[in-house]
Amino acid sequence: MNRIVGTGMAVPPCVVDNHLLSRCMNTSDEWIVQRTGIRERRVSPDTYRMLQRLAEAPDKAAFMKSVFADGLDGKIDSSMTVSDLALQASERALENAGLTARDVDCLVVSSTVPDFAYPHPGCVLAGRLALTSTPAICLQQGCAGFVYGLAIADQMMRGGMYRQVLVVGAELLSTIFDYTDAGRDMAVLFADGAGAAVLRAEPGPRGVLSSHLHTDGTTYEGLSGEIWGTSTYPPVSKRKFDEDRMRPRMNGRQVFVQAVRHFKEVVGECLAANGVGIGDVNRFIFHQANMRIIEAVGEGLRIPSDRLYNNVERYGNTAAASVPIALHEAREAGLVKDGDLVLLAAFGTGFSWGATLIRW
Ligand code: UT7
């Protein structure tokens with residue numbers, strides 16, 4: 001079996017509460033807490049500096065437009081990239097497992113917005129870990145990225161290809177949103193962070209029991225971003241920017257309904273495949289999309305609320321990073337113990353979703 005033997009996480013030091021967002025766009029702490037359960041989130045130092053300036057700007061739309069056109073204070077180089085967070089989370093997970101990067105046979109990374117269009121952030125992370133021949137695989141699997149990454153790593157290990165794999169979910173999503181009224185539906189939800197886990201092949205009954213993955217590609221427009229994609233020619237143009245096509249788009253209602261439905265389905269599928277019931281699972285760690293989604297799934301499946309680990313209140317939705325961050329925190333808090341059954345589940349862009357059951 002393939003067991004998680006180390007976890008780690010990293011979030012930027014800059015905390016943005018709902019009150020700061022309320023000074024940038026037409027929203028309120030009450031609206032955000034009631035609809036999402038989020039009170040604060042972590043963002044890159046660049047986003048943080050930008051938000052402080054936006055809060056003071058008399059014409060928010062003009063200021064945000066000037067940031068997308070010219071950067072902040074005349075600079076467009078970032079002070080933090082997604083691989084900075086991936087590196088910190090990976091180093092902590094490796095240390096937690098008592099390993100160094102050289103002990104790992106493969107990296108599986110998922111990231112929505114990379115450092116560069118290419119090579120992918122797995123390669124950048126490998127370089128920053130000073131790895132010169134360890135294979136690095138990258139998924140762009142959105143919020144389901146860690147669950148997908150874990151399933152792929154587990155299957156490669158079951159096939160005998162690798163013995164120790166580092167799985168990472170890292171995001172720097174705050175850098176792509178419009179923090180004025182135009183982008184408020186998404187800007188209040190998403191944030192930055194990274195989480196990592198080391199999976200090791202070991203004899204015995206502990207480890208990943210099964211993984212279940214799905215994608216409905218017919219619904220991809222419900223949560224998508226053109227940004228630098230080839231949906232336009234050329235992929236990046238002034239016109240794309242002027243026509244406001246550089247910004248991610250979401251149909252919040254559609255995402256909500258689909259998320260609740262597919263979370264419930266895939267949790268049921270995962271439990272049935274292992275011949276266990278809700279009551280047998282000691283800890284449910286769901287993608288921290290939104291507290292209302294988690295509550296709807298919890299109520300629908302009759303999961304006792306004390307079996308769910310949630311931290312969306314403090315970090316918002318960190319997409320691929322949210323499940324490994326929650327797993328790391330739950331583990332640190334002693335809420336995941338040896339022998340426990342732990343169920344991870346996630347849903348996100350694609351739409352893609354999945355669940356994994358682990359005997360800890
Ligand atoms: O990993 C998956 C990530 N995505 C999600 O988890 C999103 C899932 N969807 C949701 O959580 C909810 O749909 C939202 C929280 C995004 C929105 O809640 P809702 O109850 O579905 O609101 P709504 O979309 O029906 O919008 C209600 C109103 C609209 O105003 P009008 O048209 O009724 O005048 C929105 O413009 O709320 C407005 N609104 C906001 N108001 C204040 C949208 N965003 C905001 C905001 N602050 N940030």
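The sole residue among ALA326, ALA333 that is away from the ligand (no atom under 16 Å from the Cβ), closer than 26 Å to GLY204 by Cβ and among the aliphatic types (A, V, I, L, M) is ALA333. Does GLY268 qualify as being away from the ligand (no atom under 14 Å from the Cβ), more than 20 Å from MET186 (Cα to Cα) and part of a helix (DSSP H, G or I)? In short, yes. Of all residues in region 286-297, none satisfies being away from the ligand (no atom under 13 Å from the Cβ) and in contact with a strand residue (DSSP E or B) (Cβ under 8 Å, 6 or more places away or on another chain). Can you report the number of residues in region 65-76 which are under 28 Å from the mean Cα position of the chain (by Cα), part of a helix (DSSP H, G or I) and of a type in the set (Gly, Ala, Ser)? Number of matching residues: 1. Selection within region 214-235: residues that are more than 16 Å from the ligand (Cβ to nearest atom) and either over 27 Å from ARG253 (Cβ atoms) or in contact (Cβ under 8 Å) with a residue 24 or more places away in the chain (or both). The member of this set that is surrounded by the most Cβ atoms within 10 Å (Cβ to Cβ) is ILE227. A count restricted to region 295-347 and to residues that are of a type outside the set (Lys, Arg), within 19 Å of ARG261 (Cβ to Cβ) and more than 15 Å from the chain's Cα centre (by Cα) stands at 10.
Every number here is computed from the coordinates shown, using simple stated rules; none is lab data. Not measured: the values here are computed from a predicted model. Heads up, the Cβs are rebuilt from the backbone with ideal geometry, glycines too, and the neighbour counts pull from every protein chain shown.
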